[in-house]
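Here the structure is laid out as structure tokens; the discussion comes afterwards.
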Amino acid sequence: MSDRYRAAGVDLDAADAAQRRIGVAVASTRTALARGRLGAFGGMLKVPADVPDPVLVMSTDGVGTKVLVAIRAGRHETVGEDLVNHCVNDILVHGARPLAFLDYIALASMDVDTVATLVEGVAHACLAHAMTLVGGETAQLPDLYHPGHYDLAGTIVGVVSEGAALHGDRVKAGDVLLGYAATGLHTNGFTLARRIVFDDLGLDVDSHVAALGTTVADALLAVHQSYWSSLASVLDRVHALAHITGGGIPGNLGRSLPDGLGAVVRAGTWPVPPLFTFLAEAGRVPPDEMDRVFNLGLGLIAVAPPDAVAALRAAATAAGVETWLVGEVGRGAGVRIAR
């Protein structure tokens, strides 16, 4: 049976070899909350006893076509970190502490080194957040994916005390917007970025771009920043958070504001990294489209009262993340970028 299955494109022996290597990475992430056996059909985790009125916060996401850059560059160690950090930020927006993660890898055929490297990247980021990688799935789908291609997705589970959860309902007119530095494109806008860099400009992953001072691969594969360590100690000073992903600043900040309130983000209050200027100029992308596609150098925006800013900035600085006051909340609706 395995020979016929292998001939059809699915190699069970390679899957077993990958699973043995993956098991080492997964075991390294187990925390005191972990229960059950490695390799079981489901992952098990205790809800921490130190969280009163616990509410579980869950999110599922992927890293989009950033994986195509990783495949082109033959560099698979960072996109696993991207995946975890993206998901951590998505539940951080609700004030949640990360507890557990599950990954899903789908590919044309089993490549042991690629799959193991992806999971090791996931495990590395889980360890950085004291989070258990409770399980996952690797699917060989030769009739669905091109040879050498894969997709990567994950699900995160976090916890927050019900009274401490962030819903945006605490936001008030007069609150300020504190922007947190991004480390590049993070995990969105890659379809347009790839079109500009590879198709329009004819560059490749190892091409050096003078305007960026680095190669295409290094610029595009910079790891998505996690903001957990920047905010964990000061979440009680925050009224709302917005993770700036697909849709840019206007499409994400508005999700964190209550009805009747809007925000003005003031361009020029933070330094837009050269990568975005390069993409805008090379691709002739107008400012309003750049606003909606890319994070423009702000990976997360905190909405907070003015008297909380000093504490928030100090915590971010201690975590090595730059911040800038980039705007304010007022009566109205929507998010406007003022130039």
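Values in this text are rule-based calculations from the coordinates and carry no lab data. Not measured: the values here are computed from a predicted model. Glycine gets a Cβ as well: all are built from the backbone with ideal geometry, and neighbour counts include every protein chain shown.
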Charge dipole (debye, nearest 20) of region 2-164; +1 at Cβ of Lys and Arg, -1 at Cβ of Asp and Glu | 300
Considering the options S226, L185, L261, tell which one lies farthest towards the positive end of the dipole of region 176-338, charges being +1 on Lys and Arg and -1 on Asp and Glu at the Cβ, about the Cα centre.
-> L261
Counting Lys and Arg as +1 and Asp and Glu as -1, each charge on the Cβ, what is the dipole of region 176-338 about the Cα centre in debye, to the nearest 20?
-> 400
Which order results if I71, I22 are arranged by neighbouring Cβ count within 10 Å, fewest first?
-> I71, I22
Ranked from fewest to most other Cβ atoms within 10 Å of their own Cβ, M290, M58, M110 fall in the order M58, M290, M110
Residues whose placed amide H lies under 5 Å from that of G136, excluding near-sequence neighbours | D103
Highest mean first, what order results for 175-184, 326-335 on Cβ atoms within 10 Å?
-> 175-184, 326-335
A student asked for the Cα radius of gyration and Dmax of region 2-164 in angstrom ought to give 16.4, 57
Packing-based ranking, highest mean first, of 196-202, 291-297 given that Cβ atoms within 10 Å are counted = 291-297, 196-202
Read phi for every residue in region 281-295 and hand back ³J(HN,Hα) as whole Hz from Karplus 6.51 cos²θ - 1.76 cosθ + 1.60, θ = phi - 60°, with x for Gly and Pro.
-> 6, 5, x, 6, 8, x, x, 5, 6, 4, 4, 8, 9, 10, 7
Using modelled backbone amide H atoms (1.01 Å from N, in-plane), which distant-in-sequence or interchain residues come within less than 5 Å of A240's amide H?
-> V303
Phi angles of region 174-188, converted by Karplus (6.51 cos²θ - 1.76 cosθ + 1.60, θ = phi - 60°) into ³J(HN,Hα) in whole Hz with x for Gly and Pro, give x, 5, 10, 10, 10, x, 10, 4, 8, 10, x, 6, 6, 10, 9
For region 107-114, in order, what is each residue's ³J(HN,Hα) by Karplus, 6.51 cos²θ - 1.76 cosθ + 1.60 with θ = phi - 60°, in whole Hz (x at glycine and Pro)?
-> 8, 5, 8, 6, 10, 4, 5, 5
For region 115-176, with only Lys/Arg (+1) and Asp/Glu (-1) charged at the beta-carbon, what is the dipole magnitude about the Cα centre, in debye rounded to 20?
-> 240
Neighbouring Cβ atoms within 10 Å as the yardstick, rank V119, V57 fewest first.
-> V57, V119
Sum -39500 (n - 2.57) across every DSSP H segment of at least 4 residues in the chain, then divide by the residue count to get the 222 nm mean residue ellipticity, nearest 500.
-> -9000 deg cm²/dmol
Provide the FRET efficiency to the nearest 0.05 for the T317-D143 pair, computing r from the beta carbons and using R0 = 51 Å.
-> 0.50
Provide the descending list of Cα extents for region 176-338 along its principal axes, expressed in whole angstroms.
-> 48, 34, 21
Separation of the E77 and D53 label points, Cα + 7 Å toward Cβ, nm | 4.6
So, how do all the Cα-to-Cα distances of the chain break down into 20 Å bins, in percent, from 0 on up?
-> 30, 55, 15, 0
How big is D for region 267-333, in µm² s⁻¹ as a whole number, if Stokes-Einstein is applied with the Kirkwood radius of its Cα pairs at 25 °C and 0.890 mPa s?
-> 176
